[in-house]
There are 2 protein chains.
Amino acid sequence: MFEKPTLHTVLSPKLLDIYDVKNSVVVIIDVFRATSTIATALYNGAARIIPVAEVKTCIEIGKRVDGITAGERDGKVIEGLEHGNSPAEYPRSFIEGKTLVLTTTNGTKLLHMALNNGADEIITGSFPNISAVCDHLIKSKKNVILGCSAWKDRVNIEDALFAGAVINQIQSAFTIHCDSSLMASELYTAQQNKMFEFIRKTTHWHRLAAYGLEKDLEYCVSPDLANILPIYRNGDLIVG
Amino acid sequence: MFEKPTLHTVLSPKLLDIYDVKNSVVVIIDVFRATSTIATALYNGAARIIPVAEVKTCIEIGKRVDGITAGERDGKVIEGLEHGNSPAEYPRSFIEGKTLVLTTTNGTKLLHMALNNGADEIITGSFPNISAVCDHLIKSKKNVILGCSAWKDRVNIEDALFAGAVINQIQSAFTIHCDSSLMASELYTAQQNKMFEFIRKTTHWHRLAAYGLEKDLEYCVSPDLANILPIYRNGDLIVG
């Protein structure tokens, strides 16, 4: 009998070690805003995105590859980097053909954890590219870990909502014995028709809305506006 | 202006270190079944319950204090201990006036973590004693951490549901900037009228129902059947 692959949801980077990433496709999820920005920049023609953990490394690599350095810490642009972590900063007219070197508070950190733990494959997911992610996971027929980047290891709603949205689309193709997945799926089912209203209750909303980023946040929960698959290969995120 | 105390929910023991337990009442939650059993045994007149982390210590202390040794690992009674982790094993006729020495897979472990991290106060919560817990938290006017014991560090639904039930009762008395709390509260709101049905979807249900413990599990999600407050004082859980 054909056995379906498994699917698990990891609600915080601190919980990643409990799961078997070596035999899994790991989906890095950082809805506000790293993985939404990654999908958008690649959709708009960026040649590649180099995700890096540290600001210093970001600047060094930016110089070496003649790339655009970008990133945020605590939701704000970092001194020494050229750009921020907003999808709106990367229209085709600006980013096409260029290399983006990106460092963020949570998303790039989780990506490097998955890499160091030996993930079989790493892709990034966000509402703007949800269909591309779901199609890939179904076709791959591999075990899946939906990895929420969270906020400084604290579980966050928006990443869990995205995990739930993915689960609701692909669950029939997987064996899911995972309460985190059930919780994410139930949460998304209950909130899917009032997302703009619901995300205004999250801690991240309160953090970023203070910087006037409401439009960014609404973009980041809108499906398929940048529907490509970012896949990690030899240090770069490229279109898969 | 009077500032309300804070409330946070910790969905897995692995996330406890992120929070400031030193200035908080920590509520240990292990719905299936440690904290339900603790409430029941104390409600039925147990003199005290000594929670211990290791089986060996359980046996040693049991001998020293002439207590009843009890516990489980992976949902089953442990060789060398006299009793299991089922609330049904502790009616008044058996437990009144006695000392219970208890070790479990997840609940007693989290309690000792909170203790080692210097929690201001430790109590235990479960549906059978939910009103006593809520009354105490409101009266205390201290910061609250709702600590889910989870299953071997994996987030579980039943502990999150209990956290959500508590939040829904006491939220007006607290400042809550915590997505885990929002998630737990939303989950409980959506499922509160179909709890018996919903818990049959959890991983824990599948684990324990295999041992014929369905009645136990339904008891463990029924409110106020053993409505006392277990509080930790100098090594013992006693009625507060």
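Read-outs: derived from the displayed coordinates by stated rules, not from any lab. Since this is a predicted model, take the numbers as computed values, not measurements. All Cβ positions, even for glycine, are placed from backbone atoms using ideal geometry, and neighbour counts span all protein chains on display.
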note = With label points set 7 Å from each Cα along the Cα-to-Cβ direction at A:R200 and B:D20, the distance between them in nm comes to 3.0 nm
ask   = Roughly what angle does helix B:130-140 make with the longest principal axis of chain B, taking Cα atoms, 0 to 90 degrees, to the nearest 10?
value = 60 degrees
Rounded if a/c under 1.5, otherwise prolate or oblate - segment B:9-162, Cα gyration tensor axes = prolate
query = What's the center-to-center distance, using Cα atoms, between segment B:32-60 and segment B:66-138 in Å?
reply = 3 Å
remark   = One would report the antiparallel percent of DSSP beta bridges in chain B, rounded to the nearest 5, as 25 percent
task = Return the calculated 222 nm mean residue ellipticity for chain A, to the nearest 500 deg cm²/dmol, obtained by summing -39500 (n - 2.57) across DSSP H runs with n ≥ 4 and dividing by the residue count.
result = -11000 deg cm²/dmol
remark   = Where a ≥ b ≥ c are root eigenvalues of the Cα gyration tensor, a/c under 1.5 meaning rounded, otherwise prolate if a/b exceeds b/c and oblate otherwise, segment A:92-167 counts as rounded
note = Fewest to most Cβ atoms within 10 Å: B:T99, B:T35, B:T175 sort as B:T175, B:T99, B:T35
request  = May I ask you to derive the FRET efficiency for B:A190 and B:R64 from their Cβ-Cβ distance with R0 = 45 Å, giving the value to the nearest 0.05?
outcome  = 0.45
request  = Name the longest site-free stretch of chain B, where the excluded sites are GluC sites (Glu not before Pro) in a DSSP loop with no more than 12 other beta-carbon atoms within 10 Å.
outcome  = B:80-240
inquiry  = Using amide H atoms built in the peptide plane, which far-off residues or other-chain residues are under 5 Å from A:L237 H to H?
reply    = A:I49, A:I50
request  = Rounding to the nearest 20 debye, state how big the charge dipole of chain B is about its Cα centre with +1 on each Lys and Arg Cβ and -1 on each Asp and Glu Cβ.
outcome  = 120 debye
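With +1 on the Cβ of every Lys and Arg and -1 on the Cβ of every Asp and Glu, and nothing else charged, how large is the dipole of the protein assembly as shown about its Cα centre, in debye rounded to the nearest 20?
About 220 debye.
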ask   = Taking chain A as a Gaussian network, Cα atoms linked when under 10 Å apart, which of A:T104, A:T189, A:T69 shows the biggest mean-square fluctuation?
value = A:T189
task = Would you kindly work out, in nm and rounded to one decimal, the distances from the label point of B:Y211 to those of the same position in each other copy, ordered shortest first, with label points 7 Å along Cα-to-Cβ?
result = 4.9
ask   = Which distances, in nm and shortest first, link the B:T189 label point to the same label point in every other copy, taking 7 Å along Cα→Cβ?
value = 1.7
note = In segment A:7-239, lysine pairs 8 or more places apart or on different chains with C-alpha atoms under 14 Å apart total 5
message = Checking the a/c ratio against 1.5 first, then a/b against b/c, what shape does the Cα gyration tensor give for segment A:154-240?
response = oblate
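Provide A:H204, A:H112 in ascending order of the number of other Cβ atoms located within 10 Å of each residue's Cβ, fewest first. Provide the component values of the computation, followed by the final result.
On the way: A:H204 22, A:H112 17.
With the fewest neighbours first, A:H204, A:H112 line up as A:H112, A:H204.
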key: Global size of the protein assembly as shown as Cα Rg and Dmax, reported in angstrom   = 23.8, 79
request  = Compute the longest continuous run of chain B that contains no exposed chymotrypsin sites (Phe, Trp or Tyr not before Pro); treat a site as exposed when its DSSP state is not H, G, I, E or B and it has at most 16 other Cβ atoms within 10 Å.
outcome  = B:3-210
query = What angle, in degrees between 0 and 90 and rounded to the nearest 10, separates the Cα long axis of helix B:107-116 from the longest principal axis of the Cα atoms of chain B?
reply = 70 degrees
request  = Note down the nm distance, to one decimal, between modelled labels 7 Å out along Cα→Cβ at A:I238 and at A:N168.
outcome  = 3.5 nm
ask   = Measuring from a point 7 Å out along Cα→Cβ, what nm distances, shortest first, does B:N234 have to its partners in the other copies?
value = 6.9
key: In segment B:181-240, trypsin sites (Lys or Arg not before Pro) in a DSSP loop with at most 15 other beta-carbon atoms within 10 Å   = B:R200, B:K201
inquiry  = Quick check: Cα centre of segment A:207-240 to Cα centre of segment B:196-240, how many Å?
reply    = 42 Å
task = Using only Cα atoms, find the angle between the long axis of helix B:157-170 and the longest principal axis of chain B, and express it within 0 to 90 degrees, rounded to the nearest 10.
result = 50 degrees
